[in-house]
Structure formats: structure tokens, C-alpha cells
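The values are calculated or read from the model by the stated rules, or taken from the named source; none is laboratory data. Everything numeric in this text was worked out from a predicted model, so none of it was measured. Note that we place each Cβ from the backbone using ideal geometry, even for glycine, and neighbour counts take in every protein chain shown. To get the accessible areas, we keep the full protein, side chains included, count just its heavy atoms, and leave off ligands, DNA and RNA. Shrake-Rupley method; radii C 1.70, N 1.55, O 1.52, S 1.80 Å.
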Amino acid sequence: MAFLELHYYSKALDRAVTVNVVLPERVKTDPAAGIPDGSYKTVYLFHGLSSDYSAWMRRTNIERYAAEYNIAVVMPDVARSWYSNTQYGANYFTFVSEELPAVCRGYFKDMSDKREDNYVAGLSMGGYGALKVALRCPERFGGCAALSGSLDITREGREVNLPEWRSIFNFRMEEPSELKGTEHDIFSLAQKNAAAGLLFPKLYMWCGTEDALIRINRKYHDLLTELGVDHRYEESEGDHSWKWWDLHIQDALRYLLKED
């Protein structure tokens, strides 16, 4: 595998950005490499609220896991944006869902542009971001994984820094609950997509039973089941920490990338 730190000027964010990228070493047509037609699959891997683009490389063995499947992994930095186009003018949703894939395929010509070869995954805030991108752009991404997803931006039963929330979600709201039913609400997005008959990506979810987010993950699993959306939901021992994300990103990749 090759590891690159990509720096470029993002038009969506109007500033320079840094992105970590892991690439298969053999990218041309080579039967021994297991990469058909000179193209390879890509996972866009998202960090959590208190992390950055370097977290997955520093805290897990993601490069080794990528080598097992001969895939590219792209790890962007989105600060505390919740993968959204913000009130303060930083278009992070556009950045991760449109610009970044186009830029990566421009620099790395063997990345496939096929829906079935592109995936989004993440932990905590990144789990929310992965589902948000997958549900709002179902024609672009064939698979999605959310580990310990922080899935409820209405913040039911939780305190929130309201000024920060307003700056992120482009709302002059009095309460986070006002986000219910908006484009930021992935519960509502799932319902709307199902009602419209849109194609859902292959979905994987995991949360630890000692994680404070277990209730909301169970709630989302119940919603997907009620809607008849095919997905795999797993819960097991674990809290909100890298020990468990390093373990279960392997399960996510196995589910998304291996034929069942």
C-alpha cells in the first residue's frame, strides 16, 4: 500500500485542506493484484467530533485492512461541521459528497467512479456524516457503515451548545428539536427515501452496549427495520473508544466488500 498526505485548495471550503489517502500499490490491470480493469474501490472514511483527518491512521490499522481488500481509503478533515454546509459559509457536505470524490479521481486515475465501487463510513459524528451522505446521494455510493453513530442531531434528551449548533446547521432555532424533518435529520431522510422508492446503499451499523449512544442506534435500527430497509445492525461489548472502532471497522469492511 501507499500512504499519501494530500494538500489542495478546496473551492467548497474556500481554503486549503489536508486529506490522508491510502492507495493500492498496483493500480494497473494486473491479474495478480486482484484489481479488474485497472480500477479500484474507494472508502471515504470520516472522523468524529473531537478528531481530524489523521485519527484513523494513528489510532487503527486501517492501512493493513485496506491492503486485504485492495481498496483506496480517503480520510478528510471536516472539523466540527457535522458534515454539513454551514451558516458560516464552509460547505462541508458539498466538500465530502461532491468535490472530494471528483478531486481524488482526478489525481488518482484508477479510482472507480461506479456507484457500487464507492462507500462512506465513519464513527460517532462521522457515522452520522456517512449516513447523511449515503442517504442524500444514493446514486453515488453503494455502501455505508456507521460505528457508534451520533445519529440524532435534534439532540433529544441531551444538552447542546446552541450558538455552535446554529452556526453549523444554518438555523436561527430556539431548540435543536427544530431540526426534525429537515435535510439534516437522517431519520427523516430514511423515511423520505423509502417513501420515494429510492435505492438504499448496503448498510452496516455497530454500537457498543456500554456506549451512551446505544439507545439512538437501536432506535435507528428499529426505524430501518420498520421501513423494510435491508441492513445489518450489530451490537456487542464496547464503549465510545478506538479499541472498539479498530475492531469493528474490520467487520464493516468485511460486510461491505465481501460477497455474501
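Checking each residue of the range 240-254 against the condition of being charged (D, E, K, R) and touching a residue at least 24 places away in the same chain (Cβ under 8 Å) gives at least one match. When Ser97, Ser124 are checked against the criterion of being within 24 Å of Asp211 (Cα to Cα) and at pLDDT 95 or above, Ser124 stands alone in meeting it. For the range 1-18, the set of residues classified as under 17 Å from Asn61 (Cα atoms), part of a strand (DSSP E or B) and aliphatic (A, V, I, L, M) consists of Ala2, Leu4, listed by residue number. State whether one or more residues within the range 152-167 are open to solvent by 10 Å² or more (accessible area, probe 1.4 Å), part of a helix (DSSP H, G or I) and either β-branched (Val, Ile, Thr) or modelled with pLDDT of 95 or more (or both). Checking the range 152-167: not a single residue is open to solvent by 10 Å² or more (accessible area, probe 1.4 Å), part of a helix (DSSP H, G or I) and either β-branched (Val, Ile, Thr) or modelled with pLDDT of 95 or more (or both).
Checking Ser167, Ser177 one by one, the residue that is in contact (Cβ under 8 Å) with a residue 60 or more places away in the chain, more than 30 Å from Asp117 (Cβ to Cβ) and more than 16 Å from the chain's Cα centre (by Cα) is Ser167 and no other.
Only residues that are of a type in the set (Gly, Ala, Ser), open to solvent by 30 Å² or more (accessible area, probe 1.4 Å) and out of contact with any His (no Cβ under 9 Å at 6 or more places or on another chain) were counted in the range 223-260, giving 2. Pairs are defined by a Cβ separation below 8 Å, a sequence spacing of at least 6 or placement on different chains, a first member in the range 72-86 that is touching a residue at least 12 places away in the same chain (Cβ under 8 Å) and over 9 Å from Val43 (Cα atoms), and a second member that is part of a loop (DSSP other than H, G, I, E, B) and of a type in the set (D, E, K, R); the pairs so defined are Asp77/Asp52; Ala79/Asp52.
Step by step: first the residues of the range 70-113, then only those that are of a type in the set (D, E, K, R) and more than 30 Å from Asn161 (Cα to Cα), then the one that is surrounded by the fewest Cβ atoms within 10 Å (Cβ to Cβ). Which residue is that? Restricting to residues being of a type in the set (D, E, K, R) and more than 30 Å from Asn161 (Cα to Cα), the top hit is Lys109. All of Leu189, Leu213, Leu179 fail the test of being of a type in the set (A, V, I, L, M, F, W, C), buried (at least 16 other Cβ atoms within 10 Å of the Cβ) and touching a strand residue (DSSP E or B) at 6+ places or on another chain (Cβ under 9 Å), apart from Leu213. Looking across the range 193-210, the residues that are out of contact with any strand residue (DSSP E or B) (no Cβ under 7 Å at 6 or more places or on another chain), farther than 24 Å from Val43 by Cβ and exposed (fewer than 15 other Cβ atoms within 10 Å of the Cβ) come down to Ala195, Ala196, Gly197, Glu210.
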